[in-house]
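I have placed the structure first, in the form of structure tokens, so that the comments after it can refer back to it.
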Amino acid sequence: MTAGTTRTSTAGDRPQPTELLELATDLALRAGAAVAGMRSGVVSSAATKSSPTDPVTEADRAAESAIVAGIAEARPDDAIVGEEGTDRAGSSGVVWYVDPIDGTVNYLYGIPAYAVSIAVGLGRSMVAGVVLNPATDELFAASVGAGATRNGLPISVSDRTDLAAALVATGFGYQADRRRAQADVLSALLPTIRDIRRFGSAALDLCAVASGQVDAYYEAGLNVWDYAAGWLIAAEAGATCDDGRGGPPSERFLVAAGPGIHHQLGERLRDVDADRVTD
Ligand code: LIP
């Protein structure tokens, strides 16, 4: 689905979420096509960031630059935060959260589970979000109050009510100590659920909850750009999303699940201090 160019509101008037979604979708489609086309040329030159296993490629940087340029052209008064270093102030109250390639390790390995994730918030209150997997041409999207879609068709969370039968997605950080603590949480949880899935992209994990491909997702230590769009998409698809203790999802911890098992999973994760791994 390619959105056309649209008149976007200026800083003076409050933008319509659907307008913001249309711009985000257009930028995600353009960036997605670019990163998919660049892959063969960049994987050998990946650099690393927070640890030797935390990669960044020229495609990450080029995609973020292109998305930022597109936002700045259409909405010059908006703020922008991006994984590869963008931190642009704004005066409109609108903030864009950009992860040019979420699931960079998958991108490097040619595993078809990486995404361009773009979210738009009034501050930290998300109003529009898009997650595009260029490898599978899956475009997940939502604007506040309008539900969530995959390639234009409505999606909704699973109606699972028994945690013992739940398929749960999660992910792990890049630091060894945190991974050790996350493995301890996993070993306590795994015997009590159907199974775990580790796709390698928080944005796609949240979209998997939104479309019922998994029953729940949790992770500690994400960045806001990892989850901002997927969180809105999951919430608009009927998921309960919080920080595991009833607050808003955060970098510290995030739990997203259908309403039938969210409380059970949250309780189980609190029992094993799953949100303490970032302490
Ligand atoms: C990834 C997250 C994923 C997490 C990975 C990594 P990146 O983001 O989306 O959920 O488990 O460790 O942080 O680094 O590919 O943008």
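Below are the figures for this structure:
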| quantity | calculated |
| --- | --- |
| Selected residue (criterion: surrounded by the fewest Cβ atoms within 10 Å (Cβ to Cβ)) from residues of the range 100-148 that are closer than 18 Å to Ile67 by Cα and of a type in the set (S, T, N, Q) | Thr104 |
| The range 54-80 residues that are in contact (Cβ under 8 Å) with a residue 40 or more places away in the chain and outside any loop (DSSP other than H, G, I, E, B), paired with ones that are hydroxyl-bearing (Ser, Thr, Tyr) and more than 16 Å from the ligand (Cβ to nearest atom) (beta carbon under 7 Å, 6 or more apart) | Ala74/Thr8 |
| Tally, over the range 231-268, of residues that are open to solvent by less than 20 Å² (accessible area, probe 1.4 Å) and touching a Leu at 6+ places or on another chain (Cβ under 7 Å) | 9 |
| Of residues in the range 167-203 being among the hydroxyl-bearing types (Ser, Thr, Tyr) and within 10 Å of the ligand (Cβ to nearest atom), the one surrounded by the fewest Cβ atoms within 10 Å (Cβ to Cβ) | Tyr174 |
| Residue in the range 157-172 that is farthest from Ala239 (Cα to Cα), counting only those that are among the small types (Gly, Ala, Ser) and in contact (Cβ under 8 Å) with a residue 60 or more places away in the chain | Ala166 |
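The values are calculated or read from the model by the stated rules, or taken from the named source; none is laboratory data. Here the structure is a predicted model, which is why all the values come from computation and not from measurement. Here the Cβ is made from the backbone with ideal geometry for all residues, glycine too, and neighbour counts use every protein chain on show. Ligands, DNA and RNA are excluded from the accessible area calculation, which covers all protein heavy atoms including side chains. Shrake-Rupley method; radii C 1.70, N 1.55, O 1.52, S 1.80 Å.
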